[in-house]
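Right, one structure below, let's go through it.
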Amino acid sequence: MKLWKRAAAAIKDQKSLLAVGFSRRTSYRNTDLEAAIIKATSHDDSSVDYSNAHRVYKWIKASPLNLKTLTHALSTRVNHTRSWIVALKSLMLLHGVLCCKVHSVVGEIRRLPFDLSDFSDGHSGLSKTWGFNIFVRAYFAFLNNYSSFTSDQIHRTRANLRSDRVDSVNQQLDRIQKLQSLLDLILQIRPIADNMKRALILEAMDCIVLESINIYGRIGSGIIKILPTAGKTEAATTLKIVNKATSQGEDLALYFEFCRGFGVSNARDTPQFVSIPMAEVEAMEKMVKSVEKDEHKQEEVVEEEEEKAIVLLEKPRLQTIITDKWEIFEDEHCFNEKMIQEYHQDPLPLVVSNQPVVYTMPDLITF
């Protein structure tokens, strides 16, 4: 059964190569590059075709125009496959392209040209492929974010060169935090099923281990560079980054231990990184405490001022008074007692007017 699957997979690869050979040639298509991509992402899980992978890298380095062919060929191949082998090899190939250091190419990739966030192998039952599915999804999540981050850094570097400026302290801290997020993602890539000790998985883990060393090294060098320049406003963020880097160093050591036990070649020796100067870290801690103390004092001053500014207004309480004594106030608009008595003595005739009575409503604004 396994031999039959291998034969069927080889036939699929041959059909794809024939389709490329008979495809219509256009200005942005390179059939030699497409053929190399198909061979480098074959269905064979026993090995990786490094010769054709290096051919792809040479084509990319030769001309940035070949990037269109790469993204078109890879996205077409991945979107039509249900094999975890082809999906994983495509990720590894694109990972190699991102490591080529060709800024004109890497800066234009940004997000990956395909989506494997919900990948599921369709050639075997879920009980046999669930571990591979998770591995492919985790690898995609890391590489998609890594590609976007790398592209953003290249564009920022170009903008700085044009304007003759350097990144601010906050921008440098932001870059380190994004690298730490990438390291969190890469540490999630690991084989977790019992049937995953395959040659292709080991090859992929070799790439992942090297990348984790690279990212953690960049985090450490970034921290060492930022410590002398960070001021009071950046002290809290800097200290948070330092603490997270210490925790990630412990996680990375455990990750290497796991990979070493799994048989990953590049994890045999745990790398030695440049240690962060503790004297500068302690100075940063004192700075943070000083800032917190000043903020606490400022809050107390504000609270005291607010208490002094509060004016308590006591509203008068309304009471109902019951009495049989009424006081009549004399007013030109009211009948007093004298007028009433005079009226009874000499009542005035009732005057009837034909003019209509006009009632004027008071102006509620100026009344």
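Per residue, the accessible area of the range 97-183 comes to 48 Å², computed with a 1.4 Å probe over protein heavy atoms only. Over the range 55-120, with every protein chain in place, what whole percent of the accessible area is carbon and sulfur at 1.4 Å, could you tell me? Its accessible area is 52 percent carbon and sulfur atoms. Electrostatic tally near LYS178: other residues with Cβ closer than 11 Å to its Cβ, Lys and Arg +1, Asp and Glu -1, net -1.
Report note on the peptides 262-271, 87-96: ranked by the mean count of other C-beta atoms within 10 Å, highest first, their order is 87-96, 262-271. Among the trypsin sites (Lys or Arg not before Pro) found in the range 97-148, those both in a DSSP coil and sparsely packed, with 16 or fewer other Cβ atoms within 10 Å of their Cβ, are LYS101, ARG110, ARG111. Charge tally for LEU202 (other residues, Cβ to Cβ under 14 Å; Lys, Arg +1; Asp, Glu -1): +3.
If you count only protein heavy atoms with a 1.4 Å probe, what accessible area per residue comes out for the range 193-292, rounded to a whole Å²? Please list the in-between numbers first.
Working: 5290 Å² over 100 residues.
The answer is 53 Å² per residue.
Computed over neighbours whose Cβ is under 12 Å from that of HIS155, the net charge equals +2, Lys and Arg +1, Asp and Glu -1. Relative to the globular-protein estimate of 2.2 N^0.38 Å, the Cα radius of gyration of the range 70-141 stands at 1.15. Of the trypsin sites (Lys or Arg not before Pro) found in the range 153-255, the ones in coil according to DSSP and having at most 16 other Cβ atoms within 10 Å of their Cβ are ARG165, LYS197, ARG198. Counting protein heavy atoms only, the range 193-300 has 52 percent of its accessible area on carbon and sulfur, 1.4 angstrom probe.
Structure note, pairs LYS39/LYS61; LYS5/LYS58; LYS61/LYS244: Cα-Cα distances above 26 angstrom occur for LYS5/LYS58; LYS61/LYS244.
The values are calculated or read from the model by the stated rules, or taken from the named source; none is laboratory data. Just so we're clear, the structure is a prediction, and the values are computed from it rather than from any experiment. Cβ: placed from backbone, ideal geometry, glycine included. Neighbour counts: every protein chain shown. With ligands, DNA and RNA removed, areas are computed over all heavy atoms of the protein, side chains included. Shrake-Rupley method; radii C 1.70, N 1.55, O 1.52, S 1.80 Å.
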